[in-house]
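Since the structure comes first, as structure tokens, the remarks are kept for the end.
The values are calculated or read from the model by the stated rules, or taken from the named source; none is laboratory data. Given the structure is predicted, the values throughout are model-derived calculations rather than measurements. Cβ sites come from the backbone with ideal geometry, for glycine too, and all protein chains shown count toward neighbours. These area figures cover heavy atoms from the full protein model, side chains too; ligands, DNA and RNA do not enter into them. Shrake-Rupley method; radii C 1.70, N 1.55, O 1.52, S 1.80 Å.
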Amino acid sequence: LILNTKNLLHIEDGAFRNLPRLKYLSICNTGIRQFPDLTQIFSLEAHFILELCDNLRMTTIPQNAFQGMSNESLTLKLYKNGFEDIHSHAFNGTKLNQLILKDNKNLRRIHNDALRGATGPDVLDISSTALESLPSYGLEAIQVLNATSSYSLKRLPPLEKFSSLLEAVLTYPSHCCAFRNLRTEKQNSLFSLFDNFSKECENTMRKPPNEIFYRDDSYNTSLWPGEKNIYPLAADEDPSPYSYSAIFEDSEMPDFEYDFCQPKILTCTPEPDAFNPCEDILGYSFLRVLIWFINILAIAGNFTVLLVLITSHYKLTVPRFLMCNLSFADFCMGLYLLLIAAVDAQTSGQYYNHAIDWQTGSGCSTAGFFTVFASELSVYTLTVITLERWHTITYAMQLDRKLRLRHAVPIMLGGWIFSILIAVLPLVGVSSYMKVSICLPMDIETGLSQAYILLILVLNVVAFVVICACYIKIYIAVQNPELVAANKDTKVAKRMAILIFTDFTCMAPISFFAISAAFKVPLITVTNSKILLVLFYPVNSCANPFLYAIFTKAFRRDFFLLLSKLGCCKARAELYRMNYFSAHTSNCKNGSSATAPSKASRGLLLLSALEKPC
């Protein structure tokens, strides 16, 4: 034992020479800077233990560092040192039983060939290290792997490397997904053995209590090699303390303590939780196809609307301004879906190896910010658009109360500030985007996080109620037959029904299940919630550019005028231009000769106001 000698800075080569009886060597809490020469010990003991600990100035393990120490089983306890790097062939020439590297806080690299030339180890402990990867060679013999608190180890080597693994204690639950259905070679060979003895196992299980075997040294009969003296249990004896495996010598039982008829399978902790099940990001194959169709539709539709509105030479009105904001918000939602779809395609089948990098990295935080910002800005803008329509129709005859652009800009500025604030909160610790693979703020562990989720959901429900109420009042205003014809009334009703239905389809399922989950009474799993994410969550983002812009006459006019500038559809554009100026001239003449609009013209004005804002 060489302990607590801080002034010991160096051990000469050959200091440990020809020590055949040495079983245990401990060098701890010294000032040694260079790895000592241990290659000339030549211990003949059946099992040799080396302990190096708390040598903080020792930074590397060189090549062949343990060669010649012992030709028998070797346990290396190399913990709490200053190791940063383990060189190639560092363990060459050894028969490793246990390799303990835990608590080497600065250990960032084990060379891929560090275990080259070594047999084993059976047990590898790298817990509380800074390792980012495991060596690619020498993992086949490992039966027990301990990697707790190894937060930098985000990826595992190919699973076939762990051909003998029986127990894994890891840092991240997602890594256990990799081992869920993995059978080791040792297990496979045992299963073959058990198949050969399946009938014997079944017969043993079915034997009555007085035929269960157990040991008795006084009975001098050996039935086969490896059995002890056995005889049938007496009819009046309690069979509960005994088992079939008792007929073997303790030393002859398998090292991993398998029951003869019930072999253990690989165990791994921590188990994946409800928020991170063992599946790819999207879970279902059909969602992987649908999400591409939906995100392309959302991006293409909203980008087209933005392009046409921004390049239009017509005056920027309040409806146009609001539509630009809505299209940008829905465009961001499309970007979120595109990001999720791209990462899912890239990690398909191996998400367990990418889960930590994705969920804790900037990618998931960016996706989460996009979706919350887009969702809240979209809902806010939809509410403002609906209120603007209601205001326009209600005060159609009072031009002095008309909403101007100077009023709309500060209103939308407030919406932007609110949406950005709501999206930033999970980045600063209020809930989190890292909880699930789809990067939604589902963390409700703290009261503040729970209040955050409930605030968003309640505001969305209130916005939906306001939208419904406004459209009902608009419908009541325009359904009077004195104002509009019956066919126009039906058209208005259908249009409003579509708008309310798309809002309800988007908000209702999400809000219902999310509110229940916020109260810690989840009614749907994360796996099934991904169906809502793809099929319901982006409904508004896909529908809005069509319902509020593309299907309107004003948008089609602007669209063809834009194409005419590029040399396409010039005749169609000219037709739209002539119709526009004709209608504008007619309105000006009627306005100069009439003192007040008639009821019929007022009805047309109301219907025009209801037309999607473009």
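Accessible area ranking (1.4 Å probe, heavy atoms, ligands and nucleic acids excluded), largest first, for Thr394, Thr171, Thr371: Thr394, Thr171, Thr371. The Cβ shell under 15 Å around Ala342 holds other residues with a net charge of -2, Lys and Arg each +1, Asp and Glu each -1. Fully extending the segment from Ser26 to Arg57, taken as 0.36 nm per residue of separation minus the present Cα-Cα distance, adds 9.5 nm. Amide hydrogen proximity for Lys95: with H placed 1.01 Å from N in the peptide plane, the residues at 5 or more positions away or on another chain lying under 5 Å are Leu74, Thr119.
Given R0 = 60 Å, the distance between the Cβ atoms of Glu72 and Ile417 translates into a calculated FRET efficiency of 0.25. Surface listing: Leu156, Leu19 arranged by accessible area from highest to lowest gives Leu19, Leu156, probe 1.4 Å. Computed from backbone phi, the HN-Hα couplings of segment 448-455 come to 5, 5, 5, 5, 4, 5, 5, 4 Hz, rounded to whole numbers (Karplus: 6.51 cos²θ - 1.76 cosθ + 1.60, θ = phi - 60°; Gly and Pro given as x). Spatially, segment 459-477 and segment 48-93 are offset by 72 Å when compared through their Cα centroids.
Our estimate of slack between Arg116 and Thr148, defined as 0.36 nm per intervening residue step minus the Cα-Cα distance, is 9.0 nm. Using θ = phi - 60° in the Karplus curve 6.51 cos²θ - 1.76 cosθ + 1.60, the 3J(HN,Hα) couplings for segment 279-287 round to 7, 6, 4, 8, x, 8, 5, 5, 5 Hz; x is entered for Gly and Pro. Once the chain from Cys568 to Ala300 is taken as fully extended at 0.36 nm per residue, the excess over their C-alpha distance is 94.5 nm.
Please report how far the C-alpha centroid of segment 342-373 lies from that of segment 109-125, rounded to the nearest whole angstrom. Distance between centres, Cα-based: 32 Å.
Per-residue accessible area (protein heavy atoms, 1.4 Å probe) orders Ser432, Ser362, Ser133 as Ser362, Ser133, Ser432, starting from the largest. Between amide H atoms placed 1.01 Å from N, distances below 5 Å from Ser26 occur with Ile2, Glu51, all of them 5 or more places distant or on a separate chain.
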